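Everything below concerns the one structure shown next.
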Amino acid sequence: MVRKRFISLKILLMLFVVGLIVLTIKYLPNIIKVTSSLDKFRDYVNSMEELGSVFFIIFQILQTAILPIPGEVIQVAGGYIYGVPLGLLYTVVGTILGSMIAFYFTRIIGSSFVEKLVKKKKAKWVTDMMDSKKFTITLSILFLIPGLPKDFFIYMAGLSPIKPIKFFTILLLTRLPWLLISVIVGANMRRGNYNSVIILALIASVLFLLGMINKNKIINKFSQYKAI
C-alpha cells in the first residue's frame, strides 16, 4: 500500500515537473521579455491585479527550479514592486517552494536522472562532499557564498541523506540575508534612494566577484576531487 502511494506520488511529481518544463519552454520568450526590466515586470505583475502576488511567487518558483535567468532580477523586483516586508515575504515563499520542487524531484525521481544533467567530474566532487561528516556545515558555507550555483546545490542535496527539515532550515537561514539585500535594493530604487542602491550594489558586487573568483578553491577545500 505504501509502495503504491509512493509510486503514485512519483508519477504525479514527474508529470507536474514535466508540465512545468513544457510550459516554461513554450512561454520562455515572453517570460524573458517580461523580466528584461523592473518596470516591465512591475507592470505585468500589477496587471494581474489581485493575483499579482501569486504570479510574482510563481516567477520566483520557476526561477529557483527551472528558469535560466538570474534570481537577483526577481528578488530585486520584489522590493521594487511591494517594498521590503511584502517583497521579502513573497520572495522567500517562492524560493522555498521552488527549492522544494527541485529537492523532492531529485529525491523521489532518483539520482540517475539528475546526475545525467551534470558532468561526471562535477558529480564526483559533489558526491564526495555529500559523503563527508561535515556535509551540513559545508552546505551552509556554500549557500552563504555569493557566486556559487545555489540551484545546483539544491538538486544535489536531494541526492544526499540530509533530512528535509534540516536542509530547508539551512537554506532559509543562509539565503535570507542575500534575499533581504536584493529586496532592499529594489525598495530603494522604487523610492529613488540611489545612493543606498549604489552602496548596496557595490558591496554585493564585490562579494559576488570574490565568490566567483574563489569558488573553486572553496569547493576544493571540501573535496578531494577538483571542481570545474
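The values are calculated or read from the model by the stated rules, or taken from the named source; none is laboratory data. From a predicted model like this one, the values you see are computed outputs, not experimental measurements. Backbone-built Cβ (ideal geometry, glycine too); neighbour counts: all protein chains shown. The area values use the complete protein model at the heavy-atom level, side chains included, leaving out ligands, DNA and RNA. Shrake-Rupley method; radii C 1.70, N 1.55, O 1.52, S 1.80 Å.
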- Query: Counting just the residues of the stretch 16-63 that are in a helix (DSSP H, G or I) and of a type in the set (Ser, Thr, Tyr), which one comes out surrounded by the most Cβ atoms within 10 Å (Cβ to Cβ)?
  - Reply: TYR44
- Task: Evaluate the following for GLY98: is it open to solvent by less than 40 Å² (accessible area, probe 1.4 Å), over 20 Å from ASP39 (Cα atoms), assigned to a helix (DSSP H, G or I) and at pLDDT 85 or above?
- Result: yes
- Query: On the given criteria, is LEU176 among the hydrophobic types (A, V, I, L, M, F, W, C), under 27 Å from LYS134 (Cβ atoms) and loosely packed, with under 15 Cβ neighbours inside 10 Å?
  - Reply: yes
- Message: I'd like the full set of residues that are open to solvent by 30 Å² or more (accessible area, probe 1.4 Å) and either within 17 Å of PHE41 (Cβ to Cβ) or not in a helix (DSSP H, G or I) (or both), limited to the stretch 64-87.
- Response: ILE66, PRO68, PRO70, GLU72, VAL73, TYR80, TYR82, LEU86
- Message: Suppose we filter the stretch 138-183 for residues that are β-branched (Val, Ile, Thr) and not in a helix (DSSP H, G or I); how many remain?
- Response: 2
